[in-house]
1. Among the chymotrypsin sites (Phe, Trp or Tyr not before Pro) in the stretch 28-93, which ones are in a DSSP loop with at most 16 other Cβ atoms within 10 Å of the Cβ? Mind listing them?
2. With N set to the number of residues, divide the alpha-carbon radius of gyration of the stretch 62-126 by 2.2 N^0.38 Å and report two decimals.
3. What does a probe at GLU80 reach in the stretch 89-119, counting residues whose amide N is under 14 Å from the point 7 Å along Cα→Cβ?
4. Which of the trypsin sites (Lys or Arg not before Pro) found in the stretch 57-126 are loop residues per DSSP with 12 or fewer other Cβ atoms within 10 Å of their Cβ?
Amino acid sequence: MTGLTESGSAAAAATALGGLHGLSLWLLFLGCGIVTLCARLSFIIFFGKRKMPSWLLRGLRYVPPAVLSALVLPAVVRPEGVLDLSMGNHRVLAALAASAVAWKTKSLFWTIIVGMGSLWLLGWLI
């Protein structure tokens, strides 16, 4: 018997998932996987043997930075779930340091080193 069922959290988890458990939950996972596979495969099938227009290639260059920004920015400016742009938010300061290094060096390696180093250092100091 797991700790989840002993504490009654399994029922709470199933309720949080809309009552899904067992086979229904696995079918949901399978369905999500199939939808994801079809979405990714559609681009491979459609553009696999075709030359993409230059305007599309130019636009697709911005997808990775846009996705990364959408994933990172909320964690930086809303660390506790509330907007915090103050200098007391060490994540904002570390992000500014990493952004400056990225802009100056264009090096992913140094951007990560400076960003994580300043995040850890500021977290320790503040």
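Values quoted throughout were computed directly from the atomic coordinates according to the rules given, and no laboratory measurement underlies them. Treat the numbers as computed from the prediction; the structure is a model and nothing was measured. With ideal geometry, Cβ positions are generated from the backbone for all residues, glycine too; neighbour counts draw on all protein chains shown.
1. On the way: sites: PHE29, PHE43, PHE46, PHE47, TRP55, TYR62; in loops: TYR62.
Those satisfying the criteria are TYR62.
2. Numbers: Rg = 12.0 Å, N = 65, 2.2 N^0.38 = 10.7 Å.
Normalised Rg, Cα atoms only: 1.11.
3. Residues 89-91 fall inside that zone.
4. On the way: sites: ARG58, ARG61, ARG91, LYS104, LYS106; in loops: ARG61, LYS106.
Of the trypsin sites (Lys or Arg not before Pro), the ones in loops of the stretch 57-126 whose Cβ has at most 12 other Cβ atoms within 10 Å are ARG61, LYS106.
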